[in-house]
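See below for the structure under consideration.
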Amino acid sequence: MISTLQPPRSLSHFRSNPTLLLRYASLKPLSSLSSQPVTHSTITDQSQSPNPPSHSQILSTRHYLLSRHLTATQLAESFLTRLRLTEPHLRSFLHVSDSVLAQARELDEKIQRNEELGPLAGVLVAIKDNICTAEMPSTAGSRVLEGYTPPYDATAVRKIKELGGIVVGKTNLDEFGMGSTTEASAYQVTANPWDISRVPGGSSGGSAAAVSARQCMVSLGSDTGGSVRQPASFCGVVGLKPTYGRVSRFGLMAYASSLDVIGCFGTSVADAGILLHAISGHDRLDATSSKREVPDFSAQFVSMNLLESKPLKGLRIGLIRETLDDGVDTGVTSAVRTAALHLEELGCCVTEVSLPSFSLGLPAYYILASSESSSNLSRYDGVRYGNQVAADELNSQYMDSRAKGFGSEVKRRILTGTYALSAGYYDAYYKRAQQVRTVIQKSFKTALDEHDILISPAAPSAAYKIGEKKNDPLAMYAGDIMTVNVNLAGLPALVLPCGFVEGGPAGLPVGLQMIGAAFDEGKLLKVAHIFEQTLQNCRFVPPLIADEVA
């Protein structure tokens, strides 16, 4: 299946050659940037340590730059080399920036002048292509926006740049974020680094695959119903969905405005947490962004050497019973139950908790998300936004521009949402879905009043084959059952790899989802960091690059 796909638009000059993968051993600088958890508490402390904080790519980068052991240009060249070698197989990117090395050289000059560096200095960040970037195309994976370059950066992107981060490029996605496999992109299909015959998940599949394959250090995605967490599970990386309002949505192309959030991918909990801290905070350009103070998440990343024998003693964990029912693969259930046992070993009190409204979330989500998308996407009419199709009169121009610009899945959701909002059906569908949403919010509040965090699988299965569910949208929608409720409730959630199931050349990763109370990302990061540090006999490096990453 992979061999039939077209190369990315901006990377068509890279020839696919599997033998090139054998050259990874020459990329020495990156072998020192491990994907395990961070070992110290703050960025400042790490940069002054005599030894590199090798368990976080962000902190390792800062250490090597400040100690002059490596230059930003060397690091950038190493990642770009890996990107060029792996991209013909993965197709994670829709566009790769041609200014990465120039920015790295500018950073090296600042270091030579002993100028102060931002906390993300030299960190290579990939951005999902539905997040606006000035001077780079932003298509949302749709033909209707082909060739569109925004005149501004999204607030999250602007903050990353201001803190010294280098944007590598724009990653592939399901068109406008509508999908769970990244097969609904109008341009190309992204493959999973663990098995290139399988999907990376979606809709942020490109961002997850890029981090998993170490084509970048961290990345941004968006999460409307699980689009950060499900691909994180499929690709064996950490995916963090913040509380609704924690991160500004300004510059995020709207799908469902009451559900959309910008989230973070990293190879470690620390990297995801540091990136979240960088992009969080109130923004006057987004009326839904919260004015709550953003805590120092790095304070949660305690060194393993400082942990007690039961570092999570007394923590109350609720395992959601409905997420382990029929329909969930036995391997996934086994991995999650094993993870629950590991949490008990760390001192947690793990009990099963029932959320009777859990199964109601999926139909309510698809009614609400489709309804909001039918409104949000009305702007792409070929006049205000979007590529224009020539026509003799205005109505024909509207219809032809949208018919040729949108893909089948986007059209399906627009039609579904328009129907749900139509006269005579509004009360039966949209209004009732909003009532269900309130029930789900109350159900989560009750459960989180009695537990510190809730856990569940991130998806009912591990990554499946490309094309396996493409022609069965209902089966694909059902895969979102584990994640959509969190968006309906507006809560934070984190997914981190917890084990493997059989499949592919080296097994397939399984993600554990941790759900917290609103604006309690700090607790999620603390628990996940300790879980990650103490997990034994698991190395979440895909076989595509396993020989290189030590």
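The values are calculated or read from the model by the stated rules, or taken from the named source; none is laboratory data. Everything quoted here is computed from the prediction, not taken from an experiment. Using ideal geometry, Cβ is built from the backbone for each residue, glycine included, and neighbour counts are taken over all protein chains shown. In case anyone asks, the SASA skips ligands and DNA or RNA and just uses the protein heavy atoms, side chains included. Shrake-Rupley method; radii C 1.70, N 1.55, O 1.52, S 1.80 Å.
What is the number of the single condition among (1) part of a loop (DSSP other than H, G, I, E, B); (2) open to solvent by 70 Å² or more (accessible area, probe 1.4 Å) that Leu415 does not meet?
Result: Leu415 passes all but (1).
When you go through (1) open to solvent by less than 70 Å² (accessible area, probe 1.4 Å); (2) at pLDDT 95 or above one by one for Ser303, which number turns out not to apply?
Condition (2) is where Ser303 drops out.
When you look at Tyr464, is it buried (at least 18 other Cβ atoms within 10 Å of the Cβ), touching a Lys or Arg at 6+ places or on another chain (Cβ under 9 Å) and either at pLDDT 95 or above or under 30 Å from Gly499 (Cα atoms) (or both), yes or no?
On the way: buried (at least 18 other Cβ atoms within 10 Å of the Cβ): yes; touching a Lys or Arg at 6+ places or on another chain (Cβ under 9 Å): yes; either at pLDDT 95 or above or under 30 Å from Gly499 (Cα atoms) (or both): yes.
Against the criterion (buried (at least 18 other Cβ atoms within 10 Å of the Cβ), touching a Lys or Arg at 6+ places or on another chain (Cβ under 9 Å) and either at pLDDT 95 or above or under 30 Å from Gly499 (Cα atoms) (or both)), Tyr464 qualifies.
What single numbered condition from (1) assigned to a loop (DSSP other than H, G, I, E, B); (2) in contact with a strand residue (DSSP E or B) (Cβ under 8 Å, 6 or more places away or on another chain) fails to hold for Asp547?
So the condition that Asp547 fails would be (2).
Within the group Thr438, Thr333, Thr416, which residue is out of contact with any Gly (no Cβ under 9 Å at 6 or more places or on another chain) and free of Cβ contacts under 8 Å to residues at least 24 places away in the same chain? Give the steps one after another, and end with the answer.
Numbers: Thr333 fails: free of Cβ contacts under 8 Å to residues at least 24 places away in the same chain; Thr416 fails: free of Cβ contacts under 8 Å to residues at least 24 places away in the same chain.
Going through Thr438, Thr333, Thr416 in turn, just one is out of contact with any Gly (no Cβ under 9 Å at 6 or more places or on another chain) and free of Cβ contacts under 8 Å to residues at least 24 places away in the same chain: Thr438.
Kindly indicate the residue of the range 297-309 that is under 24 Å from the mean Cα position of the chain (by Cα) and not in a loop (DSSP other than H, G, I, E, B) and also farthest from Val510 (Cα to Cα) among those meeting that condition.
Checked the range 297-309; the qualifying residue farthest from Val510 (Cα to Cα) is Ala299.
So, in the range 427-467, exactly how many residues are in a helix (DSSP H, G or I), among the β-branched types (Val, Ile, Thr) and within 24 Å of the chain's Cα centre (by Cα)?
Filtering the range 427-467 for residues in a helix (DSSP H, G or I) gives 427-450.
Among the residues that remain, those that are also among the β-branched types (Val, Ile, Thr) are: 436, 438-440, 446.
From the residues that got through so far, the ones that are within 24 Å of the chain's Cα centre (by Cα) too are 440.
So the count comes out to 1.
How many residues does the range 486-515 hold that are open to solvent by 10 Å² or more (accessible area, probe 1.4 Å), over 16 Å from Arg198 (Cα atoms), part of a loop (DSSP other than H, G, I, E, B) and not aliphatic (A, V, I, L, M)?
Within the range 486-515, residues that are open to solvent by 10 Å² or more (accessible area, probe 1.4 Å), over 16 Å from Arg198 (Cα atoms), part of a loop (DSSP other than H, G, I, E, B) and not aliphatic (A, V, I, L, M) number 1.
Consider Ser375 carefully, then state whether it is closer than 20 Å to Asp427 by Cβ and of a type outside the set (A, V, I, L, M). Please lay out each step first, then the result.
Working: closer than 20 Å to Asp427 by Cβ: yes; of a type outside the set (A, V, I, L, M): yes.
Taking the combined requirement at face value, the residue satisfies it.
Tell me the residue from Gly236, Gly206, Gly263 that is small (Gly, Ala, Ser), crowded, with 24+ Cβ neighbours inside 10 Å and more than 11 Å from the chain's Cα centre (by Cα), please. Steps first, answer last, please.
Values: Gly206 fails: more than 11 Å from the chain's Cα centre (by Cα); Gly263 fails: more than 11 Å from the chain's Cα centre (by Cα).
Only one candidate passes the filter, namely Gly236.
Taking the range 310-347 only, how many residues are within 18 Å of Ser461 (Cα to Cα) and either modelled with pLDDT under 95 or part of a helix (DSSP H, G or I) (or both)? Steps first, answer last, please.
Our first condition is that a residue be within 18 Å of Ser461 (Cα to Cα); within the range 310-347, this holds for 319-340.
This time we only want the ones that are either modelled with pLDDT under 95 or part of a helix (DSSP H, G or I) (or both), so: 321-327, 330-340.
Matching residues across the range 310-347 total 18.
Does at least one position in the range 522-534 carry a residue that is over 16 Å from Gln230 (Cα atoms) and assigned to a loop (DSSP other than H, G, I, E, B)?
So the first thing to find is which residues in the range 522-534 are over 16 Å from Gln230 (Cα atoms), and the list is 522-534.
Adding the requirement that they be assigned to a loop (DSSP other than H, G, I, E, B) leaves none.
No.
Can you pull out the residues in the range 65-124 that are surrounded by 19 or more Cβ atoms within 10 Å (Cβ to Cβ) and on the phi > 0 side of the Ramachandran plot?
Arg91, Gly122
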